[in-house]
Amino acid sequence: MWRVARSAASSLRQSRRRMSTEIPGPCIVHKRGADILHDPWYNKDTGFPLTERDRLGLRGLLPPRVISFEQQYDRFMDSYRSLERNTQGQPDNFVSLAKWRILNRLHDRNETLYYRVLIDNIKNFAPTIYTPTVGLVCQNYSGLFRRPRGMYFSAKDKGEMMSMIYNWPAQQVDMIVLTDGSRILGLGDLGVQGIGIPIGKLDMYVAAAGINPQKILPVMLDVGTNNEKLLADRLYLGLRQHRLEGDEYLAIVDEFMEAVHARWPKAIVQFEDFQMKWAFETLERYRKRFCMFNDDVQGTAGVALAGLLGSVRAQGRPLTDFANQKIIVVGAGSAGLGVLNMALRAVSRMAGPDANPQFFLLDKDGLITKERACIDPAAAPFAKSQGETKELGLCEGSSLLEVIRKVKPHVLLGLSGVGGVFSEEILQAMKSSDSIKPAIFAMSNPTSNAECTAEEAFKHAGENIVFASGSPFDNVDLGNGKTGHVNQANNMYLFPGIGLGSLLCGARIITDNMLQAAAECLASYITDEEIQMGILYPSIDSIRDITAEVGAAVVRAAVAEHVADGRGMVGPKDLKYMSEEQIIKYVKDNMWFPVYSPLVHKKCEIYA
């Protein structure tokens, strides 16, 4: 049964007020004076009380007036709004980078204030620190670079990673996001500049999941780049060599994973923006040995599945009818294949292992069938047989338009990375869908790579569609008081909960059932009334409540599969006997929230 969603935004505000009034415990620091001011984790800017200035050697290093945390918050927001006013009418890229810079400067100076600003304004700031602006930042990262953040392991470091990992100053790391920069969003190979993706993802982990920012680690695995433009760029900061391939490549990733596991055996590792061949290869190579997942393959699949289940509800059909949905997926990369694999498992659970789902997979060469020569092994399970295509009047390589006209799909889902591939003619063809509410998912990022815009979808496919996109679009005014709702099918709804839940239950590995539970939890979050309005995903404003529930679902699934070892004083038996409400509370109670802690200086003792 679909539960009635609570007023998440209201409960979140109450939670913030409660957390703000709590007095945090003291934080031990081994620094004094200017060293504290130059450390963004400990720095409070003008917020240090006079007593703290005295004991930390700060008196005289700051203006005399003490400014409260709330006053600092308001001052920053005033500066941000001023920037918005002053950049009106400027090109979009200029404005996006200006917003990123002002947030990045705060991040470099005062992490506590930065994350409070981010949490309280997540809907407005997520597009700046995450999708879509993060793609623009990665494209320009060498020129934007000011201060290192995260770690860089390169092909030149082979044999040294086990010692290098101890260069990271934090004693404990809970969450690592790793990329090799080979397929950044839909922008392709950006080499070392792809570090912006792990940084942005981990900011979302802090904001959405309450992962302690002292325990996160963004990592770039630089094995070279095949982007000739970058290799010729005098400002490029990565290795000036072509990418390693084959066993040489895998040896680098192997060494890194062993080094991480040796120092932080309980850390969760999220693989991000690896090109398709390495995304699947590394996922299968490590998923049974380490607690890791690939967000492009599994996170995207989970968010898409939640939306697909919602689109079944929008048709007024029972969820079991998902097994009968005709779904066209455009894009046979890691994301597209990840969606189909998770959808196939969902169909098998509903209709049994002998179910024959009506999935149609297309790439740049058209419909993929078993007649195709040199078919990718990962795509082979979804290739249509000659009998299936003949019955529909289709063949190997049939165009998207032809497939839509013959299949009359319930869902058209794009993960192609090709902007505008859902043309006016394609969208108009969706009017012949067998669904009373056809679903159109234009999920490629960044915005310029979206298969179509929201306005184009409602204009050409009709007002009675359900629309979702990977990048943010404004709702569409349909006239006569009607609104075309835009759903952002973004991974931020799931990966924070997957990571947090896996961490808090001490999962040894992340299983398919844990991921399935996360997706189904997200799908259940929306009320029937919202579904009928065309809303498939909740507001980003409620992201912490969403993450808590998704995380709790992951914990329950891990316990049921006996892959949870527990964490700290909470063992697997404790988790097993917790009620659903108790697990949600356990997850929420372990979310970090940004407040200034009293700082107490203690000399660092060095033992011989």
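Want the number for Met350 to Lys156: 0.36 nm per residue separation, take away the alpha-carbon distance, what's left?
Numbers: separation 194, 0.36 × 194 = 69.84 nm, distance 4.96 nm.
Full extension from Met350 to Lys156 adds 64.9 nm.
Relative to the longest principal axis of the Cα atoms of the chain, the long axis of helix 580-589 lies at roughly 40 degrees. Here the range 127-144 is scanned for amide nitrogen atoms under 12 Å from the site 7 Å beyond the Cα of Val418 along Cα-to-Cβ, giving none. Per residue of the chain, the DSSP helices (runs of n ≥ 4 H) give a summed -39500 (n - 2.57) that works out to -12500 deg cm²/dmol at 222 nm. For a paramagnetic label modelled on Arg32 (point 7 Å from Cα along Cα→Cβ), amide N atoms under 11 Å away belong, within the range 572-602, to 601-602.
As a proxy for reagent exposure, ranking Asp295, Asp45 by other Cβ atoms within 10 Å from fewest up yields Asp45, Asp295. The C-alpha atoms of the chain define a longest principal axis, and helix 543-560 lies at about 80 degrees to it.
In summary, the range 145-290 shows an alpha-carbon radius of gyration equal to 0.99 times the 2.2 N^0.38 Å reference for compact globular proteins.
Normalised by the residues of the chain, what does the relative contact order come to in percent, with Cα pairs under 8 Å and at least six apart?
Details: 1094 pairs, mean separation 97.1, N = 608.
Across the chain, relative contact order equals 16 percent.
The peptide list 528-540, 262-274, put in order of mean Cβ contacts within 10 Å with the highest first, becomes 262-274, 528-540. For the range 493-589, the spread of Cα positions along the three principal axes, ordered from largest to smallest, is 43, 26, 20 Å. Tell me, what is the FRET efficiency for Tyr166 and Arg240 to the nearest 0.05, using R0 = 30 angstrom and their Cβ-Cβ distance as r? Computed FRET efficiency for Tyr166 and Arg240 comes out at 0.60.
For the chain, pairs of C-alpha atoms spaced more than 34 angstrom apart make up 43 percent of the total.
Length available on full extension from Asp74 to Asn86: 0.36 nm per residue minus the Cα-Cα distance, which gives 2.5 nm. The protection proxy used here, the mean number of other Cβ atoms lying within 10 Å of each residue, ranks peptides 418-426, 391-399 as follows, highest first: 418-426, 391-399. Near Ile165: Cβ cut-off under 13 Å, other residues only, Lys/Arg at +1 and Asp/Glu at -1. The net charge is -3. In straight-distance terms, cross-link reach from Lys44 covers every one of the aspartates and glutamates whose alpha-carbon lies under 13 Å from its own, apart from those fewer than eight places away in the same chain; here that gives Asp35, Glu52, Glu70, Asp108, Glu111. You can think of it this way: the chain between Asp254 and Asn93 has 54.2 nm of extra reach, that is 0.36 nm per residue less the Cα-Cα gap. Model label sites at Asn121 and Thr320, defined 7 Å from Cα along the beta-carbon direction, differ in position by 5.0 nm.
Dipole size of the range 33-121 about its Cα centre, with +1 on Lys/Arg Cβ and -1 on Asp/Glu Cβ: approximately 200 debye, rounded to the nearest 20.
By the gyration tensor of its Cα atoms, with a ≥ b ≥ c the square roots of the eigenvalues, what is the shape of the range 278-390: rounded for a/c under 1.5, prolate for a/b over b/c, or oblate? In terms of gyration-tensor shape, oblate. Grab the beta carbon distance between Asp589 and Asp477, set R0 = 51 Å, and tell me the FRET efficiency rounded to 0.05. Using R0 = 51 Å, I get an efficiency of 0.75.
For the pairs Lys158/Lys277; Lys31/Lys215; Lys123/Lys431; Lys370/Lys408; Lys31/Lys201, note any where the Cα-Cα span goes beyond 24 Å. Kindly include the intermediate steps, with their values, before the conclusion.
Values: Lys158/Lys277 22 Å; Lys31/Lys215 19 Å; Lys123/Lys431 32 Å; Lys370/Lys408 22 Å; Lys31/Lys201 29 Å.
From the list (Lys158/Lys277; Lys31/Lys215; Lys123/Lys431; Lys370/Lys408; Lys31/Lys201), the Cα-Cα distance tops 24 Å for Lys123/Lys431; Lys31/Lys201.
Computed from the Cβ-Cβ distance with R0 of 41 Å, the FRET efficiency linking Lys576 to Ala232 stands at 0.10.
Throughout, read-outs are computed from the coordinates displayed, never taken from laboratory work. Owing to the predicted nature of the structure, the values given are computational and were not obtained by experimental measurement. Because the Cβ atoms are built from the backbone with ideal geometry, glycine has one as well, and the counts that use them run over all protein chains shown.
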